[in-house]
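Student: Quick one: the structure is below, and I'll ask about it shortly.
The values are calculated or read from the model by the stated rules, or taken from the named source; none is laboratory data. All of these numbers come straight from a predicted model, not from anything done at the bench. Counting neighbours? That spans all protein chains shown, and the Cβs are built from the backbone with ideal geometry, glycine included.
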C-alpha cells in the first residue's frame, strides 16, 4: 500500500445546522459490524497517467452508483499512516443515496473454506454533520474532513 495514490470526492451539502458530508461504508464481512472510524470518502487508486479528478469521478460512480456533477475544489493531499496518498476534491452536491449501487469484490469466505463469495465494495452511503462524520470517518481521512469543514465555515 505504501506509495499508492488514490483520488476521491468529499461531497457536501447544506444541512440544518451546517455542512453535511457524504461518506460510504465498506461492504464485506470484515466491516459488517464496524461503525466508528470505518467509513470513507468514495475513493480509489489512480491509474498510471490518469488525471486525479477523472479518477475521483470514476471511483465515485463505481462506489455510489451515481455521477458526481459540480465544480471540484482540490483539498490538500493527505498521507495516511500506511503511506497511501489521498487526493480529495470537495464538491457541493445534494444526492439521494438511499439506494447505493456499488461494484463488488470477491474473497474466500468463510476464511480457509475454499469457497469464494462476492460482496459490494460499498454497502451504504449516508450524509453526516461534521461532528458525526469526524467520528465515523477512517482516522487517516480526518484531515480531509477537517480542512473541508474549515473551508466551508469561512
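Student: State all residues of segment 125-137 that are touching a residue at least 60 places away in the same chain (Cβ under 8 Å) and crowded, with 17+ Cβ neighbours inside 10 Å; if no residue qualifies, say none.
Tutor: 125, 126, 127, 128, 130, 133, 136, 137
Student: Among the numbered criteria (1) closer than 23 Å to residue 139 by Cβ; (2) without any contact (Cβ under 8 Å) to a residue 60 or more places away in the chain, which single criterion is violated by residue 39?
Tutor: Going through (1) closer than 23 Å to residue 139 by Cβ; (2) without any contact (Cβ under 8 Å) to a residue 60 or more places away in the chain one by one, residue 39 breaks only (2).
Student: Quick one: residue 91 ticks every box in (1) over 17 Å from residue 35 (Cβ atoms); (2) free of Cβ contacts under 8 Å to residues at least 24 places away in the same chain except a single one, so which number is it?
Tutor: If we test residue 91 against (1) over 17 Å from residue 35 (Cβ atoms); (2) free of Cβ contacts under 8 Å to residues at least 24 places away in the same chain, just (2) comes out false.
Student: Does segment 133-141 contain any residue that is touching a strand residue (DSSP E or B) at 6+ places or on another chain (Cβ under 7 Å), over 18 Å from residue 34 (Cβ atoms) and outside any loop (DSSP other than H, G, I, E, B)?
Tutor: The answer is no, given that none of the residues of segment 133-141 is touching a strand residue (DSSP E or B) at 6+ places or on another chain (Cβ under 7 Å), over 18 Å from residue 34 (Cβ atoms) and outside any loop (DSSP other than H, G, I, E, B).
Student: Among the listed residues 69, 9, which satisfies the condition of being part of a strand (DSSP E or B) and either closer than 25 Å to residue 150 by Cα or under 14 Å from the mean Cα position of the chain (by Cα) (or both)?
Tutor: When all the criteria are applied, what remains is 9.
Student: Tell me, yes or no, whether segment 50-57 has at least one residue that is buried (at least 20 other Cβ atoms within 10 Å of the Cβ) and either in contact with a helix residue (DSSP H, G or I) (Cβ under 8 Å, 6 or more places away or on another chain) or on the phi > 0 side of the Ramachandran plot (or both).
Tutor: No, because not a single residue in segment 50-57 is buried (at least 20 other Cβ atoms within 10 Å of the Cβ) and either in contact with a helix residue (DSSP H, G or I) (Cβ under 8 Å, 6 or more places away or on another chain) or on the phi > 0 side of the Ramachandran plot (or both).
Student: Within segment 87-99, how many residues are under 20 Å from residue 150 (Cα atoms) and touching a helix residue (DSSP H, G or I) at 6+ places or on another chain (Cβ under 7 Å)?
Tutor: The qualifying residues number 4.
Student: For residue 86, indicate whether it is more than 24 Å from residue 14 (Cβ to Cβ), in contact (Cβ under 8 Å) with a residue 60 or more places away in the chain and either touching a strand residue (DSSP E or B) at 6+ places or on another chain (Cβ under 6 Å) or not in a loop (DSSP other than H, G, I, E, B) (or both).
Tutor: yes
Student: Select, from 76, 98, 113, the only residue that is at pLDDT 95 or above, exposed (fewer than 14 other Cβ atoms within 10 Å of the Cβ) and assigned to a loop (DSSP other than H, G, I, E, B).
Tutor: Only one candidate qualifies: 76.
Student: Would you mention how many residues in segment 14-63 are out of contact with any strand residue (DSSP E or B) (no Cβ under 7 Å at 6 or more places or on another chain) and assigned to a strand (DSSP E or B)?
Tutor: 1
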